[in-house]
Structure formats: C-alpha cells, structure tokens
1. Give just the number: which of (1) open to solvent by 10 Å² or more (accessible area, probe 1.4 Å); (2) within 22 Å of residue 217 (Cβ to Cβ) does residue 333 not satisfy?
2. Give the residues of the range 233-276 that are open to solvent by 70 Å² or more (accessible area, probe 1.4 Å), in contact with a strand residue (DSSP E or B) (Cβ under 9 Å, 6 or more places away or on another chain) and either in a loop (DSSP other than H, G, I, E, B) or closer than 22 Å to residue 382 by Cβ (or both), sorted by residue number.
3. Hey, does the range 301-318 have a residue that's touching a Pro at 6+ places or on another chain (Cβ under 9 Å), under 14 Å from residue 366 (Cβ atoms) and surrounded by 17 or more Cβ atoms within 10 Å (Cβ to Cβ)?
4. For the range 110-132, indicate whether the set of residues that are part of a loop (DSSP other than H, G, I, E, B), modelled with pLDDT under 70, open to solvent by less than 50 Å² (accessible area, probe 1.4 Å) and among the small types (Gly, Ala, Ser) is non-empty.
5. Can you go through 308, 269 and tell me which one is farther than 23 Å from residue 375 by Cβ, of a type in the set (S, T, N, Q) and under 20 Å from the mean Cα position of the chain (by Cα)?
6. Testing residue 358 on (1) in contact (Cβ under 8 Å) with a residue 40 or more places away in the chain; (2) farther than 22 Å from residue 275 by Cβ, one condition comes back false. Which one is that?
Amino acid sequence: MLQEALLHQGEICREFLSQFKCCNSNLVNIHFILLNPGTKSAEQDWGPSDQAAEQGYFLKEEFHYLDVTQVGKLTIFDMFHCTLACLRNNLCLSLNMATSHGTDGKLWCELLSSDKNRNAGNYHKNTSSHHFSILRSPCSLSPCQNGGTCIPNFSSNTFDCLCKESFVGEFCEKESQLLMYLLLLYINRSNVSKLVTLHLGSQPTTVLCHMGDFGCGDGGWTPVMKINGNKSTFHYDSGYWSNKIEYNIAGGETGFDSQETKLPTYWDTSFSKICLSMKIGGQIRFIVINMTANSLYSLIADGKNRSTSLGRDTWKKLIGSEASLQVYCNTEGFNMICSESYNSKARIGIASNNQDDCLSCDSRIGFGTGGLYDRYNTCGNEATREPDNGDKHIKAMGYILVY
C-alpha cells in the first residue's frame, strides 16, 4: 500500500511540474515531502518517519553543461527526482541532467559541488544536457551586517547589501573611512579630545579620541589598552593578549586614569603608529613606534617575536630619570622574551642582561611583562644584577593608543 501511495504521489508531482513548466520554462518550483537530509538516496524507499517538508527553486538553462567536481551521480526517471536529490544534499549547488531518456527509460543526473557563477570558464553549451541552478535564497543566512538590507538576485544566486549610512563593504562590515576621517578632522579643528562612537563589528564602542599633541604628536589617537602594573590582568601569560575578548570596555571613555581596559580596537583597528605611555607618580611620559599593521592583535596574538629598533634610551624615557637596564642584549619589540622563559619578558618592550647574551635577562621596561625578579610587575621597569642605574622595581600605569 505504501509503495502504491508513493508511486501515486510521484505521478501527481510529475503532473504538477509539467503544468508549471507550461507557465514558465526557466524557473521551476519544487514543493514536496522530503526525506530527512542524508538518510537515503533518491532511489531508496521512503518511510513515514523520514518525511519533512521542503521547497526549492531551480533556474533551468536548456542545452548547457557545467564541468565541475560532482558530489553525486544517479539515474532517475524525471526532473523531479534529480532536483530532489540535489536539495537533499547540502554539498549540491547545481546539477546537470540528460536532455533525453536512455534505452532503459531513465535520465542521468549529476549533482555538482559548485555553480556557474564561480566557474564561468567551465560552463558551456551542450546538446545532450540541461543545467539547473539551485536557488536557495542568497539572503537566508542574513549576510548583511550593521542593519544592512539584503537584496537577493535569484537569477545569479547572489545578493547585494544595501548599507545604512556610515557603513560600507560587501557585507556592510566596515565603517566608512571617509566619514571617520571627516569626524576626526572636525574634532581635530577644536584640538579637544572627545568621545566618539566606533562601529567595530556588530557592536558600537564609545572611546575617548585623543586629539592634539599631548605627547605622541598631532592626530586622532584611538585608545586600545590601559594596564595597571600592580595587577595581573594583563600579565605576559594572560589570555587577553591572544583572544578577542574585551575587558572593562567603559574604561575606554575615561582617558589617562587608573582604570584598566582592553577595547575591541585591539583586534579591529589598523594603524601606522603606536603611542606608548606610562604614568608614574602623576607624571606621564610618551614614546611612539612607527609601525603599520592590521591591528595590535595581529602583532601579538600568535606569540611570535617582532622586533623594533627604538633603542634602550628611547624605552628608558617612559620611566624618566629613575630608569635602569642592564648593559647587554637589549632585545626589544613585540612578544619580547629571552631564551629562558622564567626571566624578563614583555608583550611590548625591551629586556637586557648583564652578560653578553640574551639567555638570562634580569631587567626590562615594557607592557604586559613577567618573569624574574618581580613576576607580578606587569607594566613598568624591573632591574636587578648590575643594571646601569641601580636595582629598580617600578610599577607604572600603562596606556596604549594607535593612529
């Protein structure tokens, strides 16, 4: 009885398709009871427990063939079973089907791993086959970000994003650089730091944009991190250096105070300059690294050492007259670490040694620091064993900004 019912269902589907085709010879709508995906082939028996509703659209292009990798090949009685098999296979993006039945009364059907839009060079006319492009809605995954509107194009199985004002990009994923430039230009004219809302990813982030030459040179400087050398939040071994998780995001609005923070600008803001600052006893000092990168995350998260060439005297300016380092090694940059991992290290900074090598550094100046002798000094100056200005254990409040 079940087999007879299913055969009857097939006849109804075929009749429906032939009627639909008379109305539109290019666009085919398939609406049917479908097996659970991946459980049976199109030629196996169907059971009531396997059934689930499914609908799909196909654009039929007669006498064409797409020559790409196949994810399945079968023989079927009609177009219905070929399109059914494609809809049931998540890897199927289009299909080729024979134009006429073989001597056994069946058609060959090829399920394809790609479509003609991505393989135009492999798409050509062929008198023995028809090509069908599956049209699952290109907007079904809501690809447009930041409130953008998805406009589907079913004929090419593509979409366009209509972005809201101030956003650009294929998915409206980027804030307009022109608008950002005009905003910073406006702020710069007043030479006064102001709160600015940045659209980083899907979440708006408000930060204090530092304007004027406060110590790093003119420009609009964007805050990235603030580190308290007395706390272990941003110790060298902290996961915050390698992940994309913010910390106390409100701290990005408060300037050069004692609040620690890590902002989304750590992984989502490109720059050509880095401003490093340390505050010790109310005195703030600055140095600048000229370096272009996609983000600070791209320089640090992978743990690879990336050298800078500021020189020990420049790094000592962050501390002032009390700065102290050993004479030798002077390795500096990002993910700076001596050969012995328990000795001085810094995510950004310099380390020195009293021996003419970099095996056992006992002094450092930097941000996100760790190692001997005070491993809990995470930002500032640590120096022992014959440094040039005496032993030091100076913990600072550190600030990192980019431009």
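1. (1)
2. 237, 245, 246, 258, 270, listed by residue number.
3. Looking only at the range 301-318, we keep the residues that are touching a Pro at 6+ places or on another chain (Cβ under 9 Å), and these are none.
No; the residues of the range 301-318 include none that is touching a Pro at 6+ places or on another chain (Cβ under 9 Å), under 14 Å from residue 366 (Cβ atoms) and surrounded by 17 or more Cβ atoms within 10 Å (Cβ to Cβ).
4. There is no residue in the range 110-132 that is part of a loop (DSSP other than H, G, I, E, B), modelled with pLDDT under 70, open to solvent by less than 50 Å² (accessible area, probe 1.4 Å) and among the small types (Gly, Ala, Ser).
5. On the way: 308 fails: under 20 Å from the mean Cα position of the chain (by Cα).
Testing whether each residue is farther than 23 Å from residue 375 by Cβ, of a type in the set (S, T, N, Q) and under 20 Å from the mean Cα position of the chain (by Cα) leaves just 269.
6. Of (1) in contact (Cβ under 8 Å) with a residue 40 or more places away in the chain; (2) farther than 22 Å from residue 275 by Cβ, only one is false for residue 358: (1).
A quick yes/no check of all residues on (1) touching an Asp or Glu at 6+ places or on another chain (Cβ under 6 Å); (2) at positive phi; (3) not hydroxyl-bearing (Ser, Thr, Tyr):
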| site | (1), (2), (3) |
| --- | --- |
| 292 | no, no, no |
| 299 | no, no, yes |
| 329 | no, yes, yes |
| 334 | no, no, yes |
| 338 | no, no, yes |
| 349 | no, yes, yes |
| 352 | no, no, no |
| 357 | no, no, yes |
| 365 | no, no, yes |
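The values are calculated or read from the model by the stated rules, or taken from the named source; none is laboratory data. Note that the coordinates shown come from a computational prediction; the quantities given were computed from them, not determined experimentally. Heads up, the Cβs are rebuilt from the backbone with ideal geometry, glycines too, and the neighbour counts pull from every protein chain shown. Just so you know, the surface numbers come from the protein's heavy atoms only, side chains and all, with ligands and any DNA or RNA stripped out. Shrake-Rupley method; radii C 1.70, N 1.55, O 1.52, S 1.80 Å.
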